[in-house]
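What follows is a single structure, written as structure tokens, with notes after it.
The values are calculated or read from the model by the stated rules, or taken from the named source; none is laboratory data. Source: prediction; values computed, not measured. For neighbour counting, all protein chains shown are included, and Cβ atoms are generated from backbone atoms with ideal geometry for every residue, glycine included. These accessible areas exclude ligands, DNA and RNA; they are computed on the full protein's heavy atoms, side chains included. Shrake-Rupley method; radii C 1.70, N 1.55, O 1.52, S 1.80 Å.
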Amino acid sequence: MSTLIAPSILAADFGNLHRDVHMVNDSQADWFHLDVMDGVFVPNISFGMPVIKSIAQEAKKTLDVHLMIVDPDRYIQTFADLGTDVLTVHYEACTHLHRTIQATKAAGMKAGVALNPHTPVHLLSDIIADLDLVCIMSVNPGFGGQSFIENTYDKVRALRGMINDKGASTLIEIDGGVKDNNAAALVEAGADVLVAGSFVFRSEDPTATISNLKSTTAAVSY
Ligand code: DX5
Ligand code: ZN
């Protein structure tokens, strides 16, 4: 499978949101990555349902929603109704993670779990076979444009080993500080999906930047 590229709309120009959504539609990107922050789980507030509804009306690619919110169970059906394809909750925000994952799938979505930088991957060993995606945070969640945490490579390799050992088909997504200088190494370590926000939207030619990420990662595999 070729590496999936998921531009993070958090870094888009919200005054020209439809322009940026169409740019992603017309690019080689695979997914839209949508970051929902509640100001409680993370020290920032991003956007919520009305904005996602507007994006969903225009978007022609998979909607990958990353919930950085406490008590995400309250909104599972809401995000399903908005057209979410992949719904990712934080391990650190879920007391009954297994129940949350089952509810996400029952609502017709793929189920993902995100891990903060301090959370070890082995904590997922008893649930990995149930997960469609694990999002390894390579920055502390809450803001775009932060520096990539190098320990991420070890986490990706450990998670790839766990997924292979269990015979699972869980995708590994990397979120935070992804650029052309780490994309290939992340894929070599075992990543399937690369989220990129500021690297794409702050570049001179976001369409070309997406193409370059796609071709850089096409040359490698794990
Ligand atoms: C951070 C978000 C990321 C963010 C990535 O909390 O989850 O998706 O948009 O932004 P960059 O690629 O700029 O680090
Ligand atoms: Zn994210």
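Here are the numbers for this structure:
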{"read-out": "Residue, surrounded by the fewest Cβ atoms within 10 Å (Cβ to Cβ), within the range 90-120, restricted to residues that are touching a strand residue (DSSP E or B) at 6+ places or on another chain (Cβ under 6 Å) and under 12 Å from Met137 (Cα atoms)", "value": "Pro117"}
{"read-out": "Failed item in (1) more than 16 Å from ligand 2 (Cβ to nearest atom); (2) touching a helix residue (DSSP H, G or I) at 6+ places or on another chain (Cβ under 8 Å), with Ser198 passing the rest", "value": "(1)"}
{"read-out": "Residues located in the range 23-58, provided they are within 18 Å of Glu173 (Cβ to Cβ), in contact with a Gly (Cβ under 8 Å, 6 or more places away or on another chain) and not in a strand (DSSP E or B)", "value": "Val42"}
{"read-out": "Residue within the range 133-140 that is surrounded by fewer than 16 Cβ atoms within 10 Å (Cβ to Cβ), within 16 Å of ligand 2 (Cβ to nearest atom), within 15 Å of the chain's Cα centre (by Cα) and of a type outside the set (Asp, Glu) present", "value": "yes"}
{"read-out": "Total residues in the range 131-185, condition among the polar types (S, T, N, Q) and either in contact with a Ser or Thr (Cβ under 7 Å, 6 or more places away or on another chain) or not in a loop (DSSP other than H, G, I, E, B) (or both)", "value": "3"}
{"read-out": "Residue in the range 96-111 that is within 15 Å of ligand 2 (Cβ to nearest atom) and touching a residue at least 24 places away in the same chain (Cβ under 8 Å) present", "value": "no"}
{"read-out": "Those residues of the range 208-222 which are under 19 Å from the mean Cα position of the chain (by Cα) and closer than 16 Å to Asn25 by Cβ, in sequence order", "value": "Thr209, Ile210, Ser211, Lys214"}
{"read-out": "Leading residue by the ranking (most open to solvent (accessible area, probe 1.4 Å)) among those in the range 1-16 that are assigned to a loop (DSSP other than H, G, I, E, B) and not small (Gly, Ala, Ser)", "value": "Met1"}
{"read-out": "Subset of the range 55-78 [more than 16 Å from ligand 2 (Cβ to nearest atom) and of a type in the set (S, T, N, Q)]", "value": "Gln57, Gln77, Thr78"}
{"read-out": "Residue match in the range 162-177 (condition: more than 16 Å from ligand 2 (Cβ to nearest atom), surrounded by fewer than 22 Cβ atoms within 10 Å (Cβ to Cβ), closer than 21 Å to Ile9 by Cα and small (Gly, Ala, Ser))", "value": "no"}
{"read-out": "Search result, residues across the range 51-68 that are open to solvent by less than 10 Å² (accessible area, probe 1.4 Å) and among the β-branched types (Val, Ile, Thr)", "value": "Ile52, Ile55, Val65"}
{"read-out": "Residue among Ile149, Ile163, Ile174 that alone is within 16 Å of ligand 1 (Cβ to nearest atom) and touching a helix residue (DSSP H, G or I) at 6+ places or on another chain (Cβ under 8 Å)", "value": "Ile174"}
